[in-house]
Amino acid sequence: RLQQRIPIVGRVAVDGIFEVFNLFNHANFGDYVTNESNARYGQPAFSPNVQYFPRMLQFGVRATF
């Protein structure tokens with residue numbers, strides 16, 4: 001996360017924000033199938049609690065006063 005505050009007047013300011021998630025685009029696997037009778041044994045299993053998104057960038061602006 002990079003953030004830059006730009007003062008306007010007095011206590012009024014604007015913050016510019018830039019954030020990067022999963023910068024190196026690393027695959028995030030949660031669990032593996034451990035049931036030996038399953039055809040997908042040993043392969044990564046989908047878990048809704050783990051972030052599967054590829055590299056993401058986010059820009060934002062926040063005003064404070």
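List every residue whose amide H lies under 5 Å from the amide H of residue 15, counting only residues 5 or more places away in sequence or on a different chain, with H placed 1.01 Å from N in the peptide plane.
Answer set, sorted by chain and number: 6, 62, 63, 64.
Just want to confirm a number: the relative contact order over the chain, from Cα pairs under 8 angstrom separated by 6+ residues, in percent.
Numbers: 108 pairs, mean separation 26.1, N = 65.
Averaging sequence separation for qualifying contacts and normalising by length gives 40 percent for the chain.
Under 5 Å between amide hydrogens, which residues at least 5 positions from residue 30 or on another chain qualify, with H placed 1.01 Å from N in the peptide plane?
Those qualifying (amide H under 5 Å, at least 5 residues apart or on another chain) are 45, 47.
I want to verify a result. In a Gaussian network model of the chain, Cα cutoff 10 Å, which of these has the top mean-square fluctuation: 30, 16, 42?
Fluctuation is largest for 42.
Quick one: the Cα spread of the chain along its three principal axes, in angstroms, biggest first?
That works out to 68, 20, 10 Å along the principal axes.
For the chain, which whole-number percentage of the solvent-accessible area (1.4 Å probe, protein heavy atoms only) is attributable to carbon and sulfur atoms?
Solvent-exposed carbon and sulfur of the chain make up 59 percent of the total.
Where the only charges are on Cβ atoms (+1 Lys, Arg; -1 Asp, Glu), what is the dipole of the chain about its Cα centre, to the nearest 20 debye?
Numbers: 6 positive and 4 negative charges, 78 e Å.
In total the dipole reaches around 380 debye.
What spacing in nm lies between the two simple spin-label points modelled at residue 8 and residue 56, each 7 Å away from Cα in the Cβ direction?
Taking the two extended label points, one gets 2.8 nm.
Among 26, 61, 8, which residue has its Cα positioned farthest towards the positive end of the charge dipole of the chain, with +1 placed on the Cβ of Lys and Arg, -1 on the Cβ of Asp and Glu, and the dipole taken about the Cα centre?
Result: 8.
Using 0.36 nm per residue, how much length does the chain from residue 33 to residue 21 gain when fully extended, once their Cα-Cα distance is taken away? Walk me through the intermediate numbers first.
Numbers: separation 12, 0.36 × 12 = 4.32 nm, distance 2.66 nm.
In short, 1.7 nm is gained.
The values are calculated or read from the model by the stated rules, or taken from the named source; none is laboratory data. Worth saying up front: this structure is predicted, and the values here are computed from it rather than measured. Neighbour counts run over all protein chains shown; Cβ positions are idealised from the backbone, glycine included. Remember, those area values only see protein heavy atoms, side chains included, never the ligands or the DNA or RNA. Shrake-Rupley method; radii C 1.70, N 1.55, O 1.52, S 1.80 Å.
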